[in-house]
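One structure below.
Computed from the coordinates by the stated procedures, all read-outs in this text should not be read as laboratory data. This is a predicted model, so every value here is computed, not measured. Using ideal geometry, Cβ is built from the backbone for each residue, glycine included, and neighbour counts are taken over all protein chains shown.
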Amino acid sequence: MARDIVGTMNVTFHGAAQTVTGSQHLVCVQGRDYLLDCGQYQGRRKEAEARNRNLPFRASSIEAVMLSHAHIDHSGNLPMLVKSGFNGPVYSSPATADLCVPMLTDSAGIHEKDAAFLNKRRARRKAVGMQVGEEDVQPLYTVEDAERTFPLFRTVPLHTPADIGPGVVYETWDAGHILGSTCMALTLTENGRTVRLGFSGDVGRTGLPIINDPESLPPVDYLILESTYGDRLHRPIEAVAEKLADIVTRTYARGGRVIVPAFAVGRTQQLVLMLHELINAGRIPALPIFVDSPLAVNITEVYRKHSELFDSEARAFSDRGEDPFGFSRLRLHPRGGRIEGAERSACALYRSLGVGHVRSRPHSASPEERHRRPAQHHPDHRLSGREHAGPQAGGALAGSAHLWRNDDTPRGCAEDQ
Ligand SMILES: [Zn+2]
């Protein structure tokens, strides 16, 4: 269907509306479509598969993507977009582009393993005469698709306006959520009229370890604002450190080990730094600390590379010649293996399921993981419950907002609307 978009400037919400994952917002300016975030929808397998595979717009018609940050629910469907025909630029901060390399590669690897698992199960069922589908399950996207995505990144530093298309100026501010996370303000011009559209991405809380606090956006005419927490209030970060110290000290006293599920991006680095500070302050014993996620290790390297984004606390470590992520007690360990030397009184961080993952993978848990789950402490959950939240039931995911138009005729932006 031909579209007549003269005089229209629309935003259509294709995710993260009445749910907390799959952030994708389509902005139409001067007849061109721009995508704010390209998040992967995370939920029940079939529903997630259908939403992520069947894009609600034509990928090849997207002019450019603007990415707020590297979490999978904001970036994870980029390889699918590329696989479906998108070949334009992806604008982001330099740290987000760097983080997306290990994040999307890992995500693609999970999709490949997931498909292999389902096909193996299918073959087993077929062998015993059960009814199964004829076709092999294909991964949503592959590592190869992810690798075709990386060259499309165009990095733009904070506070630097960039013309990215006719009538579209993109500028970012620090969102204080994870390394490289941004809020953005788009200056959009059409038919001689200009509006400013703000997009918050995920906004961090003040006082988080390592990264700076969120900056305020300049005044905007319209704002797309995340509201994951609703009206809930966070406890001060000091209370979190206190709780963590209490858990570690009590566990140590009875000769136990603390096992922490921690998201590979952001949370692992924050916890390591927090434990480091607690040990330095003498508030917890000097325990060995293990990180058993290769992804967390790769992401920590990106954190090290972007020390210009550190807050004063993390910078103080660097200034003293210390590495906040590599101190002598930290031992990095491959996922799923036995942690040698952790017989007693250790703190182990392993990768949890959530934003850093495509979907829950009960089949992929090692026997060690399944065994140790009941004994976990969850300070991570106390730091932020957001990543653990499942999608809310019901409601359509897509909605649309009209910025302004020259007449009153309702129109969509995408061709299929
Ligand atoms: Zn996020």
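Report the full-extension gain for the segment Gln131 to Thr206: residue separation times 0.36 nm, less the Cα-Cα distance, to one decimal in nm.
Details: separation 75, 0.36 × 75 = 27.00 nm, distance 5.38 nm.
Additional length available on full extension: 21.6 nm.
Once the piece of chain linking Lys305 and Arg320 is laid out straight, how much longer is it, given 0.36 nm per residue of separation minus the C-alpha distance between them?
Here the answer is 3.7 nm.
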Extension gain, Leu223 back to Val195 (0.36 nm per residue minus Cα-Cα distance, nm): 9.0 nm
Across Lys83/Lys120; Lys46/Lys243; Lys46/Lys83, pairs whose alpha-carbon gap is larger than 31 Å: Lys46/Lys243
Amide N proximity, region 236-278 versus Ser312 label position 7 Å along Cα-to-Cβ, cut-off under 20 Å: 236-239, 241, 273-274, 277-278
FRET E, pair Arg154, Asp231, Förster distance 30 Å, beta-carbon r, rounded to 0.05: 0.20
